[in-house]
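Enquirer: Structure in structure tokens, see below.
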Amino acid sequence: MRKLLRKIFLVDLMQGLRVTFRNQSPKCIVTEQYPQERPKVAERYRGAPRLNTNPDNGETLCISCNLCAVACPEHLIVVTSVRNEQTKRKDLTTFTYDLSRCMFCGLCEDACPVDALELTQDFELASYTREGAIWDRQMLEDGPKPARYKF
Amino acid sequence: MADSTFLDSTELVLNMGPQHPSTHGVLRVILKLDGERVRGTECVIGYLHRGVEKIAENRTYQMFAPYVDRMDYVASVSNGLGYCLAIEKLLNVEAPPRAQVARVILTELNRIASHLIWLGTHALDIGAITPLFYVFREREEILNIYENYCGARLTTHAFRIGGLQYELYDGFEEQVKAFCDMFLPKVDEYEELLTGNRIWIERLKGVGILNGEECKQYGVTGPMLRAAGVKWDLRKAQPYSGYEQYDFEIPTCENGDTFDRYIVRMQEMRQSVRIIRQAVEKIPAGPIMGKVPKVIKPPVGEAYVSIEAPKGELGYFVASDGTTQPYRVRVRPPSFINLQSLDRMCRGALIADVVAIIGTIDIVLGEVDR
Amino acid sequence: MPEEQKPEVKPAAPAGAPAAPKPAAVMAVAPWESELTRLLKDQFPDQIAEFSTYLGQNFLIAKVEAVVPILEFLKLEADFDYLVDVTAMDYPKRAERFDLIYILYSFARNERVRVKTVVAEGFKPATAVGVHLTANWLEREVFDMFGIEFAGHPDMKRILLPEEWEGYPLRKDYPIVKQDERWVKENLGIESGQ
């Protein structure tokens, strides 16, 4: 008898509806209103690459050891350097990073011995052209500057 | 089948094309229909074939690890675990205990995440749209844990050969424990939405039956095999990465139909929470990386290592020729082999059941096609 | 940390060294003896070339004509009822260039065994579909990637690549940047993808 009543009055369907209505309260809203609120990503987030510079004198930390280029699975880093006769070390001239093929695996960041190459928390990397995704040294040091809209 | 007379309908061939909301990716199923009943199916796959096995022969062992995540992109941590275990077997090293416990925690979180997506998309195909949203809300918490740990949410590249790269961050245990406490009531919520629901039961019970013997013949593993009554789980049969220390059960059911697979996967999520709770209590201190050389050149040989991925038995057959690049990496994809049984399960079903059956096999086309 | 690890297994040639011309390195296998190997030796006296084990994983190398009878024997007599995988490897410098590998698992015994055989190019081994239904798509994939056709297979056509594709990608002489340009031009209308 109870089963018949449950069947007629759609009790099991009502139970499901109760769950749905319980989740309608404003406390349960988890949608982020992007781009008004930008999500806070983790510290270790593997986003846009950046070439770090020494904060005191503004010189690049990169020692042109080429380890990042060797470690990259897609071979998209090209590092060129000239040898400095006075300090007997290599000076970085150009550093090309092809962001369109990058899979953000982090192997280049792990390989860098001086923490010059770092994957930051920037994830807004769109550009209007394919060539815009190939970053040179200047772009790598500055970082992407996505448009910030005012609402 | 009765002899056909001139009153019978002719067979209709219908294409459930690669672009379809319910085929979980680019899967093409050619249905031979007699009215609404399916007489035969043929799967055409390969739309997502990227040649991962060929790429493996041209990269070094460490370089190939990010590619492996992209096969089963829903549950990428298990792929990484299988690959690292295979290379560690070739090198004859073992990850240190701290790394093993951390691997278990992340892999079980991964299993929950994969089953959550399965639940959401399967329910969506059947018509219950609500679980999809709740499921992604829970998955957000898991992906936040991954993001805090290794920096990426989906293609995590979390493990390295020999152990872990990143130390566990401060607050890892608290976040995982908070997730476990938050999650179990949510599983009850999903069950409240679906398990007793008469529509759900009628759509799923008796659909896509594959009994134990047929599962073994077709090589089907994972929750499909357990729903057919075969109590077999690689985590218990051939434990890896320290699974023998944890106390958990293997859920099974008897009939092997779609409803049983749903029950098995829901129970597996609960058991995963149980494992995570045990593992989080006993994370030992110590190193996170084993003794692995910087340039990995395993001795000439081959090994096959398989793990219990959320979808079935994921195996890696790696052959090395002594150089820094593998000679052959073969991935035994559970979704590919489970998908073979689609034809067997769809005989005599209705078209709407075909959608339910594709959903219950839990395929990810990235793994089917590699 | 960067020390050279020692393989724990048996003494044999280590991985190739640069200086002196060494013979090609081979797998350091150990012989495998068990009740299963005795059963197999009785049943197939001269068709199994060796029983070996490497890193705890047992395998046997058999003649290609005997493979399907061995699979059937293992399934019926020794409980190896689950075919895990069928795959192949290409050694282009050998006369018989392909290595065909079947991996089997037994639920009752909880152990795995590999059945390996060597296949020459153009040879068509018998299909295992009659013994294990799993082999259907797995053999299609081996055909697709390596070009090894299986005689008696119900549906021998390509599975992952388009049907009219020419070339077998996982062979060692197929470079990684190569595509079947004729197929791409005809079907996709673009000139080359690279």
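Enquirer: At 25 °C and 0.890 mPa s, what whole-number value in µm²/s does Stokes-Einstein give for the translational diffusion of segment C:30-159, with Rh from the Kirkwood sum over Cα pairs?
Expert: 165 µm²/s
Enquirer: Which trypsin sites (Lys or Arg not before Pro) in segment B:269-328 sit in a loop by DSSP (not H, G, I, E or B) and have at most 14 other Cβ atoms within 10 Å of their own Cβ?
Expert: In loop regions of segment B:269-328 (DSSP not H, G, I, E or B), the sparsely surrounded trypsin sites (Lys or Arg not before Pro) are B:Lys282, B:Lys294.
Enquirer: What is the sum of charges around A:Asn23, taking Lys and Arg as +1, Asp and Glu as -1, for the other residues whose C-beta is under 11 Å from the C-beta of A:Asn23?
Expert: Values: positive: A:Arg18, A:Arg22, A:Lys27, B:Arg137, B:Lys186; negative: B:Glu189.
With Lys, Arg at +1 and Asp, Glu at -1, the neighbours total +4.
Enquirer: Arrange the peptides B:99-112, C:50-63 so that the one whose residues have, on average, the most other Cβ atoms within 10 Å appears first.
Expert: Working: B:99-112: 25.6, C:50-63: 18.4.
Ranked by mean Cβ neighbours within 10 Å, highest first: B:99-112, C:50-63.
Enquirer: Pick from A:Gly58, A:Gly132, A:Gly47: which residue has the top mean-square fluctuation in a GNM of chain A where Cα pairs under 10 Å get a spring?
Expert: Judging by the Gaussian network model, the answer is A:Gly58.
Enquirer: Sorted from largest down, give the three principal axis spans of the alpha carbons of the protein assembly as shown, whole angstrom values.
Expert: Principal extents (Cα only, largest first): 95, 76, 58 Å.
Enquirer: Dividing the Cα radius of gyration by the Kirkwood radius, what Rg/Rh value follows for segment C:102-158?
Expert: With Rh from the inverse mean 1/r over Cα pairs, Rg/Rh is 1.01.
Enquirer: Also: For B:Lys89, which aspartates and glutamates qualify as cross-link partners when the Cα separation must be under 13 Å and same-chain residues fewer than eight apart are set aside?
Expert: B:Glu302, C:Glu8
Enquirer: Hey, another quick one. Above 21 Å lies some portion of the pair distances; for segment A:49-142, what is it as a whole percent of all C-alpha pairs? Before the final figure, lay out the partial values.
Expert: Numbers: 1269 of 4371 pairs.
For segment A:49-142, the share of Cα pairs beyond 21 Å comes to 29 percent.
Enquirer: Within the set of other residues whose C-beta is less than 14 Å from the C-beta of A:Lys3, count the net charge using Lys and Arg as +1 and Asp and Glu as -1.
Expert: Net charge around A:Lys3: +3.
Enquirer: What pairs from B:Lys236/C:Lys63; A:Lys27/B:Lys282; A:Lys27/B:Lys177; B:Lys311/C:Lys116; B:Lys54/C:Lys93; A:Lys7/B:Lys311 go past 25 Å between their alpha carbons?
Expert: Numbers: B:Lys236/C:Lys63 35 Å; A:Lys27/B:Lys282 35 Å; A:Lys27/B:Lys177 22 Å; B:Lys311/C:Lys116 27 Å; B:Lys54/C:Lys93 19 Å; A:Lys7/B:Lys311 36 Å.
Correct reply: B:Lys236/C:Lys63; A:Lys27/B:Lys282; B:Lys311/C:Lys116; A:Lys7/B:Lys311.
Enquirer: I would also like to ask the following. Mind checking which of A:Arg130, A:Arg18, A:Arg83 has the largest fluctuation in a GNM of chain A, springs on alpha carbons under 10 Å?
Expert: The residue that fluctuates most here is A:Arg18.
Enquirer: Hey, another quick one. Give the average, rounded to an integer, of partner chain Cβ atoms located within 10 angstrom of each Cβ in C:84-90.
Expert: Going residue by residue through C:84-90 and averaging, the value is 6.
Enquirer: Can you give the FRET efficiency for C:Tyr174 and B:Asp34, using 1/(1 + (r/R0)^6), R0 = 35 Å, r = Cβ-Cβ distance, to the nearest 0.05?
Expert: Approximately 0.25, to the nearest 0.05.
Enquirer: Rounded to the nearest whole Å³, what is the per residue volume of the convex hull around the Cα atoms of chain B?
Expert: About 135 Å³ per residue, rounded to a whole number.
Enquirer: Still on this structure, please answer the following. In peptide B:338-346, how many Cβ atoms from other protein chains are near each Cβ within 10 Å, on average?
Expert: The shielding value for this peptide is 1.
Enquirer: Roughly how big is chain A's charge dipole about its Cα centre, with Cβ charges of +1 (Lys, Arg) and -1 (Asp, Glu), in debye to the nearest 20?
Expert: 1520 debye
Enquirer: Let me ask something else. Excluding same-chain residues fewer than 8 positions from A:Lys150, which lysines have a Cα within less than 21 Å of its Cα?
Expert: Once the sequence-local lysines are set aside, what remains near A:Lys150 is A:Lys40.
Enquirer: Among A:Thr80, A:Cys65, A:Met1, whose Cα sits farthest toward the positive end of the charge dipole of chain A (+1 at Cβ of Lys/Arg, -1 at Cβ of Asp/Glu, about the Cα centre)?
Expert: Of the options given, the answer is A:Met1.
Enquirer: Looking at this model, which pairs from B:Lys205/C:Lys75; B:Lys205/B:Lys231; B:Lys32/C:Lys185; C:Lys157/C:Lys185 are more than 29 angstrom apart at the alpha-carbon? Please report the intermediate quantities before stating the final value.
Expert: On the way: B:Lys205/C:Lys75 32 Å; B:Lys205/B:Lys231 21 Å; B:Lys32/C:Lys185 32 Å; C:Lys157/C:Lys185 22 Å.
Listed pairs above 29 Å: B:Lys205/C:Lys75; B:Lys32/C:Lys185.
Enquirer: Given the rule -39500 (n - 2.57) for each run of at least 4 DSSP H residues, summed and divided by the residues of chain B, what is its mean residue ellipticity at 222 nm, to the nearest 500 deg cm²/dmol?
Expert: Calculated mean residue ellipticity at 222 nm is -15000 deg cm²/dmol.
Enquirer: Another question, then. Report Rg (one decimal) and Dmax (nearest whole number) for segment B:110-204, counting Cα atoms only, units Å.
Expert: Answer for segment B:110-204, Rg first and Dmax second: 15.9, 50 Å.
Enquirer: Using θ = phi - 60° and the Karplus relation 6.51 cos²θ - 1.76 cosθ + 1.60, list the HN-Hα couplings for segment B:107-116 in order, rounded to whole Hz, with x at every Gly or Pro.
Expert: 6, 6, 4, 5, 5, 4, 4, 5, 5, 5
Enquirer: Quick one: pull the percentage of alpha-carbon pairs in segment B:309-364 with a separation above 15 Å.
Expert: 59 percent
Enquirer: Another question, if that's okay. Between rounded, prolate and oblate, where does segment B:208-357 land on the alpha carbon gyration tensor, with a ≥ b ≥ c its root eigenvalues, rounded for a/c under 1.5, else prolate if a/b exceeds b/c?
Expert: Working: a/c = 2.97, a/b = 1.45, b/c = 2.05.
It comes out oblate by the Cα gyration axes.
Enquirer: Could I ask something else about it? Report, in debye and to the nearest 20, how large the dipole of the protein assembly as shown comes out about its Cα centre when Lys and Arg carry +1 and Asp and Glu carry -1 on their Cβ.
Expert: 720 debye
Enquirer: Can you list the aspartates and glutamates whose alpha carbon sits under 16 Å from that of B:Lys294, skipping same-chain ones fewer than 8 residues off?
Expert: Once the sequence-local aspartates and glutamates are set aside, what remains near B:Lys294 is A:Glu109, A:Asp110, B:Glu88, B:Glu94, C:Glu3, C:Glu4.
Enquirer: For C:91-100, what's the mean count of beta carbons from other chains sitting within 10 Å of each residue's beta carbon?
Expert: Averaged over the peptide's residues, the number is 1.
Enquirer: Another one. Out of all DSSP beta bridges with both ends in the protein assembly as shown, state the antiparallel percent to the nearest 5.
Expert: Values: 70 of 76 bridges.
The antiparallel proportion sits near 90 percent.
Enquirer: What relative contact order, as a whole-number percentage, does segment A:49-142 give when Cα pairs under 8 Å and 6 or more residues apart are counted?
Expert: Working: 144 pairs, mean separation 33.0, N = 94.
Taking the mean separation of contacting Cα pairs over the length of segment A:49-142, I get 35 percent.
Read-outs: derived from the displayed coordinates by stated rules, not from any lab. Source: prediction; values computed, not measured. Don't worry about glycine lacking a Cβ; one is built from the backbone with ideal geometry, like all the others, and counts go over all protein chains shown.
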